[in-house]
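The values are calculated or read from the model by the stated rules, or taken from the named source; none is laboratory data. None of the values given here were measured: they were computed from a predicted structure. When we count neighbours, we look across all protein chains shown, and the Cβ atoms used for this are built from the backbone with ideal geometry, even at glycine.
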Amino acid sequence: MVSVNEIRRKLAAFLADEIDLVSFEDWIAQATWNIGHSEGSSAARLAHRIELVLSEFSSGHLDMPSLRAELRPLVQSYWIEVDYAEPFRISTSASDQITFQAARFGQPVDISLSVEFV
């Protein structure tokens, strides 16, 4: 099955004009055709979000600049959820800037975490 990183790399290629929209749409349709079997996965959520934006574009609700604007955050910023009894979230828009939000019983928690972006 396709991974989140593969989807993001291909989406980034489209946003960087390395591939055209038709090629991206063909790839995403083929790569994610059976992703519905893993609804809870990050890859499934990302693929469904992309498909929704592409659908809005094909139905005329978005123009090309708006399509790109809607898709860009999907490769620039994202949430990672890690379950350690209570989930915490990491949000990043650059590999050198990471923001943590964690709480246990509603109180902030200090967390040490090493993250590598590839």
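Data for the structure
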{"quantity": "Boolean, residue 19 is part of a helix (DSSP H, G or I) and of a type in the set (A, V, I, L, M, F, W, C)", "calculated": "no"}
{"quantity": "Filter pass, residue 24 being of a type in the set (A, V, I, L, M, F, W, C), loosely packed, with under 11 Cβ neighbours inside 10 Å and either at pLDDT below 80 or assigned to a helix (DSSP H, G or I) (or both)", "calculated": "no"}
{"quantity": "Number of the condition not met by residue 110 [criteria: (1) exposed (fewer than 12 other Cβ atoms within 10 Å of the Cβ); (2) modelled with pLDDT under 55]", "calculated": "(2)"}
{"quantity": "Residue check, residue 60 of a type in the set (Gly, Ala, Ser), outside any strand (DSSP E or B), at pLDDT below 85 and surrounded by fewer than 11 Cβ atoms within 10 Å (Cβ to Cβ)", "calculated": "no"}
{"quantity": "Residues within the stretch 2-26 that are on the phi > 0 side of the Ramachandran plot and not acidic (Asp, Glu), tallied", "calculated": "0"}
{"quantity": "Matching residues, the stretch 1-55, being within 10 Å of the chain's Cα centre (by Cα) and in contact (Cβ under 8 Å) with a residue 40 or more places away in the chain", "calculated": "4, 5, 7, 8, 11, 43, 46, 47, 50"}
